[in-house]
Amino acid sequence: MRYEAPSTTREASALLANAKGKAVVLAGGTDLLARLKSGDIEPDLVVDIKRIDTTQSIKRMASGFRIGASVPCVEIGRSAALKRAWPGVVEAAQLIGSDQIQGRCTIAGNLCNASPAADSVPALIAAGAKASVVGTAGRRTVAVEKITTGPGKTSLGKDEIVESINLPKRPPRTGDAYLRFTPRTEMDIAVVGAGVCLTLNGKGEVSKARVVLGAVAPTAVIVADAANAIIGSRLEDSALAEMAAACEAACNPIDDMRGTIEFRTDVSGVLAKRAAKIAYQRAGGK
Amino acid sequence: MSAVQVSTTVNGDAIDFVCQPTETLLDVLRNRLGLIGSKEGCGTGDCGACSVTVDGQLVCSCLVLGAEAEGRKIGTVEGLADGDKLHPLQKQFIDNAALQCGVCTPGFLVAAKALLDRNPNPTEQEIRYALAGNLCRCTGYDKIVRAVNAAARDVRKQQARKKR
């Protein structure tokens, strides 16, 4: 195994493109090093992207926020501006692991590791986040939901790295929230996760919505029917019930030690309802 | 496999080492630098026995490659005491019998210090959350929480004395 820590994305892409055998990208390493340890992967090349300037900071811009791919989640939690704009995304990022893990883990890594249970991913998708992807052919901007294609699988080319995750400027009267179910309070992996982002009109009715579920299918699922169920409503009980039913219908979960198919399906609707209520309040709804 | 040459700082001392790219920072600390305070419990970032700080940030050294230490400042449990003078946390762990087998203790000390550095007056809940990444199979945690609470009081007293 060779270790490289290039200082530009151009060098990083070239290293990945020219790699013989298996090459992997290292950001926080909280998933990658555990997989190296278990022998799950034996890469020939590790490209550490933490020395690349453009991956190292959170930038606030007119268009929103740019979160560098090697910014650890603890820094995301420390950004007051980001917390004000996208509290659901920040809360989701902070749910990942212990303080020790928070000190290393990144949302770009959470995305590229492509676990169906990744906590930050449903929240990012709900908020309309995009990934800035760099490869030898240049840069492209991709909606976060287009990155993961299945458990452990992404649409990224061999030479491509996610340089940053970009969040839009929060539109007026908009709020987001993310909730997950785990059997205990901390240090666990989502059995179900639900991210919701809502925009209200002047009358306090939902005018736009995004409902995204995690850990109930091979990738995070955008449930358009769930969003449609609450659009035009003030989250009355009937609208919420319709949304929950749409969530349940969109589930395609596995049975495992963390939860059964029935349990995951049922909880998806419950969590989506609760997350929607929080998002509604954050959007200024009463 | 090509070896990597690394220049870093450990507990304030400039240190150079050569390691294999597959070695973790924990491997390097224990096997190359003789700093065996940090322990390997799980090797997968779950137990916190290998906790160290990298540029002041609490991390599991089993989830950091040795090569990643280049130019960073590493802090380990060996850096807690000031010569023969124990850190208040170390003193209170002894006084409160907050350890039994001792394998988790270095990790708890490093994690607790990271907590007190940013919050010298934590509530019990804050202590428990801050130490949630450290597993202890002997004590049941209660004595550890009490020790950290007592050490926080000592640290605050020290800080007040320094200000005067």
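Values quoted throughout were computed directly from the atomic coordinates according to the rules given, and no laboratory measurement underlies them. Just so you know, these numbers come straight off a predicted model, no measurement behind them. FYI the Cβ positions are ideal-geometry reconstructions off the backbone, even for glycines, and counts take in every protein chain you see.
See the values below:
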{"item": "Modelled FRET efficiency - R0 45 Å, A:M187 with A:D44, Cβ distances, 0.05 increments", "result": "0.85"}
{"item": "Choice from B:G133, B:G66, B:G34 showing the highest fluctuation, given a GNM over chain B with Cα pairs closer than 10 Å", "result": "B:G34"}
{"item": "Using alpha-carbon coordinates, inclination of helix A:9-18 to the longest axis of chain A, degrees", "result": "70"}
{"item": "Using a Förster distance of 41 Å, the FRET efficiency for A:M61-B:D13 (Cβ separation, nearest 0.05)", "result": "0.50"}
{"item": "Within the stretch A:195-236: backbone nitrogen closer than 19 Å to the A:K286 label point (7 Å, Cα to C-beta)", "result": "A:199-207, A:233-236"}
{"item": "Distant-in-sequence amide H partners of B:L65 (H built 1.01 Å from N, under 5 Å)", "result": "B:L25"}
{"item": "The stretch B:47-93 and the stretch B:125-164: distance between their alpha carbon centers, rounded to Å", "result": "16"}
{"item": "The stretch A:124-214: GluC sites (Glu not before Pro) in DSSP loop, at most 13 other beta carbons within 10 Å", "result": "A:E186"}
{"item": "Nearest 10 degrees, 0 to 90: helix A:261-282 Cα axis against chain A principal axis", "result": "80"}
{"item": "Helix B:105-118 axis, angle to chain B major axis (alpha carbon atoms, nearest 10°)", "result": "70"}
{"item": "Using a Förster distance of 56 Å, the FRET efficiency for A:K208-B:E40 (Cβ separation, nearest 0.05)", "result": "0.65"}
{"item": "Linear extension gain, A:D225 paired with A:A249, 0.36 nm per residue minus alpha-carbon span", "result": "7.7 nm"}
{"item": "Gaussian network model of chain B, Cα within-10 Å springs - most flexible of B:I36, B:I15, B:I144", "result": "B:I15"}
{"item": "The stretch A:25-122: trypsin sites (Lys or Arg not before Pro) in DSSP coil with no more than 12 other Cβ atoms inside 10 Å", "result": "none"}
{"item": "Of B:K73/B:K157; A:K203/A:K286; A:K50/B:K113; A:K59/A:K83, pairs whose Cα-Cα distance is over 20 Å", "result": "B:K73/B:K157; A:K50/B:K113"}
{"item": "Sum of side-chain charges, B:D16 neighbourhood, beta-carbon under 12 Å (Lys, Arg +1; Asp, Glu -1)", "result": "-1"}
